[in-house]
Each structure stands twice: as C-alpha cells, then as structure tokens.
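Below is one structure; the comments refer to it alone.
The values are calculated or read from the model by the stated rules, or taken from the named source; none is laboratory data. Because the structure is predicted, anything quoted here is derived from the model rather than measured. Methodologically, a virtual Cβ is constructed for each residue, glycine included, from the backbone with ideal geometry; neighbour enumeration extends over all protein chains shown. Note: areas computed on protein heavy atoms with side chains; ligands, DNA, RNA excluded. Shrake-Rupley method; radii C 1.70, N 1.55, O 1.52, S 1.80 Å.
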Amino acid sequence: MSETNKIEIIPAIDLIGGRTVRLSQGDYDRVDTYEATPAEAALRYVTAGFERIHVVDLDGAKASEPKNLETLRKISEIPGVRVEWGGGIKTREALCEVFEAGASYAVIGSVAAKNPDLFIDWLDEFGGEKMVFGADLLNGEIKINGWLEASDANLDSLLERFMAHGLQRTICTDISKDGMLSGPAFDMYARLQQRWPEMNFTVSGGISSMDDILKLQEMGMKSVIVGKALYEGHITLRDLMEFKG
C-alpha cells in the first residue's frame with residue numbers, strides 16, 4: 001500500500017481533573033489513571049511525529065461545559081501540535097473558548113445530535129475542516145452528554161445534512177468497545193465507509209494491537225484513534241513510528 005493511503009494514527013488523551021485517564025465502556029466508575037501528565041504525553045507523541053492529538057475533556061462532557069482549558073493551553077504550547085478537542089462544547093461561547101485556548105479542531109457530539117441546526121450554523125461559521133462530528137454509538141443508538149443519555153437521532157440522516165455544509169471528519173466510537181482492548185467494530189466501520197466514501201471516518205474504541213490497525217487500513221479506513229492500547233503497552237510508540245515510516 002502506498003504511503004498516501006496509510007491510515008492516519010491519532011493518539012488519544014482523556015482528562016479528568018487535569019490528569020491522564022482512560023475509562024472502560026464510558027463508565028466514570030471504571031477509571032484508570034496514568035502517571036504522565038497530559039502535556040508530557042502529548043509531547044511524546046508530537047516528538048514521535050504524531051502531531052494530531054485527540055483530547056477528551058471528560059469533566060467537561062459530564063458538566064456540559066469545558067473544564068480543562070488550562071490543560072488545553074499547556075498542550076497547545078507544544079510546537080507543531082494540532083489538538084482535536086472534545087467534551088462539553090454546548091454553546092458558541094464554549095466553542096470560541098476552546099479555539100482561543102489553542103485547539104485546532106473541535107469535536108461536537110451532543111449538540112450535533114440534539115440540535116443539528118446549531119451545529120450546521122457552526123459548520124458554516126467556522127468551516128468544515130475545523131469542526132468534527134463526534135458520533136458515540138451503543139447498540140446503534142447515538143449517546144450524548146458524556147455517553148450518559150440516549151438520543152433518537154439517526155446517524156446517516158445527520159451525516160447527509162452535515163456533509164452538505166462541508167463536514168469532512170466524523171469520529172465514530174462504539175462505546176461497547178471503548179477501553180476494552182477487544183478489537184474495534186469492524187462491520188460498523190465497513191458499512192459507514194462504504195455508504196459515505198467521501199467522509200473521513202475516524203475509528204475510535206477497542207484498538208488492541210497493530211493487527212487491528214493493519215486490518216482497518218486494508219478496509220480503506222482513513223484514520224484511527226489509539227488510546228488505552230498505548231498506555232497499557234499492547235501497542236508501543238515504536239510500533240506506531242515504524243508503521244508510520
């Protein structure tokens with residue numbers, strides 16, 4: 001496979017109280033905390049050549065407003081970093097705060113599902129290259145507000161509307177797989193990529209080994225978030241660097 005077709009690897013950092021954590025299946029009662037600070041972790045990834053970092057403000061997701069903006073500022077000071085930030089962005093004011101604190105991209109989940117017209121306004125104002133749709137799924141249902149509530153929104157109908165306004169990237173997380181190191185939801189991603197070939201679907205949840213990443217690449221997926229597998233040593237930074245070439 002040519003270099004241009006290689007899947008983009010995006011390291012993940014999840015935050016609670018300014019610390020690096022990972023949840024299992026989105027459960028705030030099942031938290032693993034890691035020693036590296038978020039800024040230290042981000043610096044490691046950027047130094048290794050992975051400039052796009054996916055950062056989730058779990059406090060913000062629960063509180064419905066950004067709660068770790070100071071951490072975002074520290075990460076954003078790293079030369080060359082491009083922070084993809086999500087969690088608790090429910091208003092235009094919060095969105096502007098996130099961009100002002102240094103985020104390059106904003107991941108919008110709950111607002112996009114509950115108030116798609118507002119998300120479309122943001123797509124039109126800030127541009128489809130900066131706005132990312134975060135679709136968190138459990139048994140096919142979109143979950144919102146830190147995965148704590150169900151939504152009756154339909155993923156395909158939302159994608160159709162958002163793509164008409166320039167949306168370029170959608171992060172799809174299968175909550176049942178997230179943090180479980182059991183492999184991603186291959187069938188779900190294959191269906192989505194076949195249905196919407198122009199969309200950059202970012203695979204999120206369940207990555208357990210380099211074999212998972214290789215299979216996703218063979219499927220034609222464009223990007224993948226790697227989180228717990230890195231922190232737990234199932235995948236090493238050297239593995240990712242060698243894959244990246």
### Query
Hey, which of the helices (runs of 4 or more DSSP H) in the range 1-118, taking only ones fully inside, have at least 2 residues that are under 25 Å from Gly245 (Cβ atoms), more than 17 Å from the chain's Cα centre (by Cα) and not hydroxyl-bearing (Ser, Thr, Tyr)?
38-47
### Task
Exactly one condition in (1) in contact with a Lys or Arg (Cβ under 7 Å, 6 or more places away or on another chain); (2) under 21 Å from Asp14 (Cα atoms); (3) not small (Gly, Ala, Ser) is not met by Val203; state its number.
(1)
### Message
Filter the range 104-113 down to the residues that are of a type in the set (Gly, Ala, Ser) and either over 18 Å from Ile75 (Cα atoms) or open to solvent by 10 Å² or more (accessible area, probe 1.4 Å) (or both) and list them by number.
### Response
Ser104, Gly109, Ser110, Ala112, Ala113
### Query
If you go through the range 114-149, how many residues are more than 17 Å from Asn200 (Cα to Cα), modelled with pLDDT of 95 or more and open to solvent by less than 30 Å² (accessible area, probe 1.4 Å)?
4
## Note on the structure
Here the residues within the range 158-188 that are among the polar types (S, T, N, Q) and at pLDDT 95 or above are Gln168, Thr170
### Task
Quick one: which residue in Ala42, Ala12 is more than 19 Å from Ser208 (Cα to Cα), hydrophobic (A, V, I, L, M, F, W, C) and crowded, with 18+ Cβ neighbours inside 10 Å?
Ala42
### Query
Any chance the range 68-87 includes a residue that's acidic (Asp, Glu) and surrounded by fewer than 16 Cβ atoms within 10 Å (Cβ to Cβ)?
yes
